[in-house]
């Protein structure tokens, strides 16, 4: 029966790759063909143990990058699937700016599977998405970080908390801003909802792209000041 239903589904909705249009066949559950997956520049060690920035040399003499040695970080660590280029950049643009919300499932699943080996098993009490301001949420129609976080939450069987961290102040887009302006743009932009309790919790914070780390660090600052035990960052891509 399952094979018949699958055949009907494939006839009505042929499994083509989201990015190159190639027929996926048995790969349809991924919705991204193996050729496109192989083009992703996956992030591998050696890398900064705090922010996850890959080192250009084969063996790192320092375990922290220059940015993490000179700047305070409120999160304990950040990891990303791959570099923000090629197929992954195209995926994020389709997902975030062309409002292809259906990409949440394949991209969220990719994120969860690739991070399975680097995230400590059973450590986290909750998964949180980086929130959008209500004004931007209305214009976009969905929060891409929440879409990703939902699949990460399901994959690891960690409760999803989509309400307690809020964006309390409108901010302009971070695109095109340098690091200093990015920090200033998001300063004070997040808050904990009244009555929320994050005390002593290990939190996995999910977003789509890590650029300077300003946004996720500002979120982490709010969570840590609210009593969280630790905040780990997980993103689909890393811009630099």
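The values are calculated or read from the model by the stated rules, or taken from the named source; none is laboratory data. It should be emphasised that the depicted structure is a prediction, and the values quoted were computed from it without experimental measurement. Note that we place each Cβ from the backbone using ideal geometry, even for glycine, and neighbour counts take in every protein chain shown.
Has the range 215-233 got any residue that is over 21 Å from residue 112 (Cα atoms), outside any helix (DSSP H, G or I), in the same structural domain as residue 78 (by TED's automatic domain parsing) and touching a helix residue (DSSP H, G or I) at 6+ places or on another chain (Cβ under 7 Å)?
The answer is no, given that none of the residues of the range 215-233 is over 21 Å from residue 112 (Cα atoms), outside any helix (DSSP H, G or I), in the same structural domain as residue 78 (by TED's automatic domain parsing) and touching a helix residue (DSSP H, G or I) at 6+ places or on another chain (Cβ under 7 Å).
Right, residue 205: surrounded by 16 or more Cβ atoms within 10 Å (Cβ to Cβ), within 14 Å of residue 126 (Cβ to Cβ) and modelled with pLDDT of 90 or more or not? Let's see the steps before the verdict.
Details: surrounded by 16 or more Cβ atoms within 10 Å (Cβ to Cβ): yes; within 14 Å of residue 126 (Cβ to Cβ): yes; modelled with pLDDT of 90 or more: yes.
Yes; evaluated as a whole, the condition is true for this residue.
Being more than 25 Å from residue 91 (Cβ to Cβ), surrounded by fewer than 17 Cβ atoms within 10 Å (Cβ to Cβ) and touching a strand residue (DSSP E or B) at 6+ places or on another chain (Cβ under 8 Å) is the filter here, so list the residues in the range 227-240 that pass it.
The answer is 229, and nothing else.
For the range 105-113, does any single residue satisfy the condition of being more than 25 Å from residue 224 (Cα to Cα), in contact with a helix residue (DSSP H, G or I) (Cβ under 8 Å, 6 or more places away or on another chain) and surrounded by fewer than 16 Cβ atoms within 10 Å (Cβ to Cβ)?
Yes, some residue in the range 105-113 is more than 25 Å from residue 224 (Cα to Cα), in contact with a helix residue (DSSP H, G or I) (Cβ under 8 Å, 6 or more places away or on another chain) and surrounded by fewer than 16 Cβ atoms within 10 Å (Cβ to Cβ).
Can you tell me which condition residue 112 does not meet? The list is (1) in contact (Cβ under 8 Å) with a residue 40 or more places away in the chain; (2) under 22 Å from residue 164 (Cα atoms), and all the others hold.
Condition (2) is where residue 112 drops out.
Mind checking which residues of the range 195-214 are out of contact with any strand residue (DSSP E or B) (no Cβ under 7 Å at 6 or more places or on another chain) and either under 16 Å from residue 177 (Cα atoms) or not assigned by TED's automatic domain parsing to the domain that holds residue 51 (or both)?
Those that are out of contact with any strand residue (DSSP E or B) (no Cβ under 7 Å at 6 or more places or on another chain) and either under 16 Å from residue 177 (Cα atoms) or not assigned by TED's automatic domain parsing to the domain that holds residue 51 (or both): 211, 212, 214.
Considering the range 87-109 alone, what residues qualify as being assigned to a loop (DSSP other than H, G, I, E, B) and touching a residue at least 60 places away in the same chain (Cβ under 8 Å)?
The one that is assigned to a loop (DSSP other than H, G, I, E, B) and touching a residue at least 60 places away in the same chain (Cβ under 8 Å): 100.
Kindly list the number of the only condition in (1) in a helix (DSSP H, G or I); (2) under 25 Å from residue 40 (Cβ atoms); (3) free of Cβ contacts under 8 Å to residues at least 40 places away in the same chain that fails for residue 139.
Failing condition for residue 139: (2).
What do you reckon, is residue 191 surrounded by 23 or more Cβ atoms within 10 Å (Cβ to Cβ) and outside any helix (DSSP H, G or I)?
Here the answer is no, as residue 191 does not meet what is asked.
Exactly one condition in (1) surrounded by 12 or more Cβ atoms within 10 Å (Cβ to Cβ); (2) within 18 Å of residue 107 (Cβ to Cβ); (3) at pLDDT below 75 is false for residue 35; which is it?
Exception for residue 35: condition (3).
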